[in-house]
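The values are calculated or read from the model by the stated rules, or taken from the named source; none is laboratory data. Every value quoted in this text rests on a predicted model; they were computed, and no experiment measured them. Please note: Cβ atoms are built from the backbone with ideal geometry, for glycine as well, and neighbour counts cover all protein chains shown. For the accessible areas, the whole protein counts, side chains as well, though only heavy atoms, and no ligand, DNA or RNA atoms are used. Shrake-Rupley method; radii C 1.70, N 1.55, O 1.52, S 1.80 Å.
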Amino acid sequence: QILSKADVSMYASKRRKTGYTVYNSKLDSSGMNRLGLMGELKRSLDRGELSLHFQGKIGLPLENFCGAEALIRWNHPIRGLIPPGEFIPLAEQGGLIKELTYLVIRMAAAQMKQWKNEGLVIPLAINLSARDLQEDQLPDKVSLTLEKEGIGPEMLEMEITESAFIAAPGRALRVLKALADRGIRLSIDDFGTGYSSITYLRDLPVQTVKIDRSFVMGM
């Protein structure tokens, strides 16, 4: 029960970006609803209810279209479109995040193949969680998926956050270097919101740093 309440507080803190949250019963008022939704999420992976939406990237100064970010959405048959902020924490808590990540990788590779057959070359970026970075088999699985669809590794970019890396930096760095060695591009998302250190930029094999919007929204 203590661990369950700690989980509730942790995810509340992530949503609020406050650094920490003290547990109270109001935070867990929808606990049964979340538990039911977690069970439905497990079934949705086999039912084809999850889909990718794409946010385009525009390169400056020529304003040319240079790729897109793949964003997962849950098309619930009753609740409608559920944003990732609601079901990604459930996937992490319920041990489904790795399965969800591989689903996104497969869908992204299949989509790039479809675009390629239509004469379009559109690189895609996807997000990795902290738990993804603890799996040594991830680089091989990603490479095999891309090869199966006939997609070059340079077409895929994987985004991590500072907090995902800091959870277990030694193992995460090993996984990231293995991905980079296979030609997959890497980027740091929301840089500057957590443990921001130039040291990470020196050690991590990343090509792109995405500055958090809190630093640039006033420009």
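If the chain between THR208 and GLN114 were fully stretched, how many nm would it gain, using 0.36 nm times the residue separation less the Cα-Cα distance? Intermediate results must be reported in sequence, preceding the final value.
On the way: separation 94, 0.36 × 94 = 33.84 nm, distance 2.60 nm.
Between THR208 and GLN114, full extension yields an extra 31.2 nm.
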Hey, what did the chain get for relative contact order, percent, Cα under 8 Å, at least 6 apart? 12 percent
What accessible surface, in Å², does a 1.4 Å probe find on LYS42, ignoring ligands, DNA and RNA and rounding to the nearest 10? 100 Å²
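Quick one: pull the percent of accessible area on segment 30-149 belonging to carbon and sulfur, 1.4 Å probe, ligands and nucleic acids left out. Mind showing how you got there, number by number?
Working: 3420 of 6380 Å².
Carbon-and-sulfur percentage of accessible area, whole number: 54.
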For the chain, whose charge dipole is built from +1 on Lys and Arg Cβ atoms and -1 on Asp and Glu Cβ atoms, the candidate among PRO83, SER187, GLY150 with its Cα farthest towards the positive end is PRO83
Go through MET219, MET10, MET155, MET112 and list them by solvent-accessible area, largest first, probe radius 1.4 Å. MET219, MET10, MET155, MET112
Here are several values of semi-axes √(5λ) of the Cα gyration tensor in Å: (i) 26, 22, 19; (ii) 38, 17, 16; (iii) 29, 23, 18. Which one was derived from the coordinates shown? (iii)
Would you work out the charge dipole size for segment 118-219 about its Cα centre, treating the Cβ of every Lys and Arg as +1 and the Cβ of every Asp and Glu as -1, and quote it to the nearest 20 debye? 260 debye
Segment 57-143: GluC sites (Glu not before Pro) in DSSP loop, at most 12 other beta carbons within 10 Å: GLU63, GLU118
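Structure shown: which of LYS5/LYS141; LYS148/LYS177; LYS5/LYS57 lie over 30 Å apart, alpha-carbon to alpha-carbon? Walk me through the intermediate numbers first.
Values: LYS5/LYS141 34 Å; LYS148/LYS177 22 Å; LYS5/LYS57 39 Å.
Violating the 30 Å limit, Cα to Cα: LYS5/LYS141; LYS5/LYS57.
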Per residue, what accessible area does segment 66-219 have, given a 1.4 Å probe and all protein chains present, in Å²? 50 Å²
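Only Lys, Arg, Asp and Glu count, each charged at its Cβ (+1, +1, -1, -1), so figure out the dipole size of the chain about its Cα centre, rounded to 20 debye. Display every interim value, and only then the final one.
Values: 28 positive and 26 negative charges, 95 e Å.
With Lys and Arg at +1 and Asp and Glu at -1, about 460 debye.
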Over the chain, with a Gaussian network built from C-alpha contacts below 10 Å, which listed residue (GLY19, GLY150, GLY67) shows the highest mean-square fluctuation? GLY19
Give, in nm to one decimal, the length gained when the segment between LEU62 and GLN137 is fully stretched (0.36 nm per residue of separation minus the Cα-Cα distance). 23.1 nm
